[in-house]
Amino acid sequence: MTASRWLAEYAWLPEHAEPTPDVLIETADGRISAVTPLTAGRAGVTAGVEVYADAVRLPGLTLPGLANAHSHAFHRALRGRTQGGRGDFWSWRDQMYAVATRLDPDSYLALARAAYAEMALAGITCVGEFHYLHHGPDGAPYADPNAMGEALVEAAAQAGVRITVLDTCYLTAGVDGRPLTGPQRRFGDGDAVRWGERAAAFTPAGGHARVGAAVHSVRAVPAEQLSTVARWARERDVPLHVHLSEQPAENDACRALHGCTPTRLLAEHGVLGPATTAVHATHLTSGDLGLLGEHRSGVCLCPTTERDLADGIGPARRMADAGMPLSLGSDSHAVVDLFEEARAVELDERLRTRRRGHFAAVELMTAATADGHAALGWTDAGRIAVGARADLVTVRLDSARTAGVPPVGVFFAAGAADVTHVLVDGRPVVRDGRHLTVDVPAELSRAVAEVTP
Ligand SMILES: [Zn+2]
C-alpha cells in the first residue's frame, strides 16, 4: 500500500450515476494526480495489471473518503448500555452525562482515538466532532483551556483521520436561560464572547485538523447571544453547525418563549447561511424548510441515532428538494456505519410515505462523501478527481453481504465490515480490514471500561 498507483476494480467517479470499472488512480503528495478509466471493461483489469505492474489492485468498489459529519466521540462509551427499560431522549441524556463527568484529557484522548479508529475501519476519512466538553468537571478551565479539544485533535492524528473540531458554544440549560448545573457545568464558557475568545485561541497543529463553530441548540445559547457565535464563524469563514429541532419539546419551549420556531429564531439572529449545517432538523414546519432552503443551509441526518433515541424521522426528501445539501453523521455512535446511515435516509422515507424510490444511489453516495466533507469545510475532499485529497475507501464485493450485488447497489447492501482498504491523504490507514496502528477492539474495551460507571 505504499505505491502511489491504485487499480480499482470499480471506482465511483464524480458526476457518474454508477461506478466505473477498471480505473487507474494515481496519487502524489497526498493528492489524486491522475484518474484513468482503462478501456475494454473487465478485461482491462488483466491488461492493466500487466501494464501497471507497480499498481496495487483494489478488488471491489473504491469510493471517495466517507465523512462523518456529526460525532460526539465520548458517546461511544454508551453503546449497548442504554437499551434496557423504557425512556426517551431525556432519560438517555442523564446516562450520557454520567460518562461526561468521568472524562479528563487523557481518558478523552484514549476513548476518542479508539472511536475514531473504529470510524477509519468503517471507511470514514474525516470526522466532524461537535465538541462541548471543554472544562473540568466543576466548570473550572484546565491549565490549557483547550486541553480537551487538543485531545480530540491528537486522537484523530493517531487514528489516521482528519477532523473538524466544531467548538460548541453551550451556555444555558434550557430555552428559558436557566444556568448550567451539575454535569453540564463543564460545557460552559459563561457567555458567547468568552466562548469566542477561548475558541479563537484554539489553533491545532497538523494539516489534518481544522476548527469550526457550533451553537449547541436554542436550548443552550440565549437568543441575544446567537449572533455573536454566527459572526465569529462568518469572520473566520468556517463551518457553523447547530442541533435543530431534534425533539418537539425544544420547539414547544421556543414557541412559548420567543413566539417562533427554533429555525426562525436562528434565521433572525444570523445563524443560517451556506456555511451552516443544521443537525437532525427532525421536526420542521413548511416555513422552516423554506427558510433553510433560502439560506442554502445544509442538514446533517443521523438516522441510526434518531431511531435509537426515538426522535422521529426528518423530512429528508423535502429538505433536499428545498436545496439543502444532505450530510450524514453517526452522532451517538450506537452504530458506526455510514452505509447504514445512507440507506436509512431512503428507507425511513419509505416507512413514512409507504412508497419506494425517493433517493438515487448516487445521491446517498454524495451525502456520505463530497457533501459531508464540504459541511466540515474540506471542500477539496470526497471526490475521486484530479487535485482532490487522496482518500480512497475500498468495499469488497465478495463478502456474504455483498456477493452478487452490483456495485451501484453497495449503499443498500454493504456494512462497515466490508471496508477493506482505506487511504487518507495518500496514507494507508486500513489494509485488508485491519487498522494499521490501532488495535481497535482492545482499545475500545479499555477506554470504555475506564469511563463507565
Ligand atoms: Zn449531536
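Each reported figure results from applying straightforward, stated rules to the coordinates on display, with no laboratory input. Treat the numbers as computed from the prediction; the structure is a model and nothing was measured. A quick note on method: Cβ atoms are made from the backbone with ideal geometry, for glycine too, and the neighbour counts reach across all protein chains shown.
The figures follow:
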quantity: Estimated dipole of the chain in Debye, rounded to 20 [Cβ of Lys and Arg +1, of Asp and Glu -1, Cα centre]; calculated: 540
quantity: Positive-end extreme of charge dipole, the chain - chosen from P303, H241, M96 (charges on Cβ); calculated: P303
quantity: Ordering of 324-335, 8-19 by burial proxy (mean other Cβ atoms within 10 Å per residue, highest first); calculated: 324-335, 8-19
quantity: Stokes-Einstein translational diffusion, the chain - Kirkwood Rh over all Cα pairs, 1.002 mPa s, 20 °C, in µm²/s; calculated: 97
quantity: Packing-based ranking, highest mean first, of 114-126, 220-232 given that Cβ atoms within 10 Å are counted; calculated: 114-126, 220-232
quantity: Positive-pole candidate from T379, T369, G357, dipole of the stretch 285-397, charges at beta carbon; calculated: G357
quantity: Full-stretch length increase - A200, L436 - with 0.36 nm per residue and alpha-carbon distance subtracted; calculated: 81.6 nm
quantity: Percent antiparallel among DSSP beta bridges (both partners in the chain, rounded to 5); calculated: 40
quantity: Förster radius 56 Å - calculated FRET efficiency between D380 and R354 (Cβ-Cβ, nearest 0.05); calculated: 0.85
quantity: The stretch 240-348: trypsin sites (Lys or Arg not before Pro) in DSSP loop, at most 10 other beta carbons within 10 Å; calculated: none
quantity: For the stretch 174-300: rounded, prolate or oblate by the Cα gyration tensor [a/c cutoff 1.5]; calculated: oblate
quantity: Mean-position separation - Cα centroids, the stretch 307-340 and the stretch 231-245, in angstrom; calculated: 19
quantity: Efficiency of FRET from Cβ geometry, Y142 and R446, R₀ 22 Å, rounded to 0.05; calculated: 0.45
quantity: Student exercise, the stretch 309-453 dipole from Lys, Arg, Asp, Glu Cβ charges, in Debye to nearest 20; calculated: 460
quantity: Two-site label geometry, L257 and S286: point separation in nm, points 7 Å out along Cα→Cβ; calculated: 2.9
quantity: Packing-based order for 85-92, 205-212, 414-421, 394-401, using average beta carbon neighbours within 10 Å, highest first; calculated: 414-421, 394-401, 205-212, 85-92
quantity: Test item: Cα-centred dipole of the stretch 117-194, Lys/Arg +1 and Asp/Glu -1 on Cβ, debye; calculated: 120
quantity: Using θ = phi - 60° and Karplus 6.51 cos²θ - 1.76 cosθ + 1.60, couplings along the stretch 437-450 (whole Hz; Gly, Pro as x); calculated: 10, 10, 7, 4, x, 5, 5, 5, 4, 4, 5, 5, 4, 4
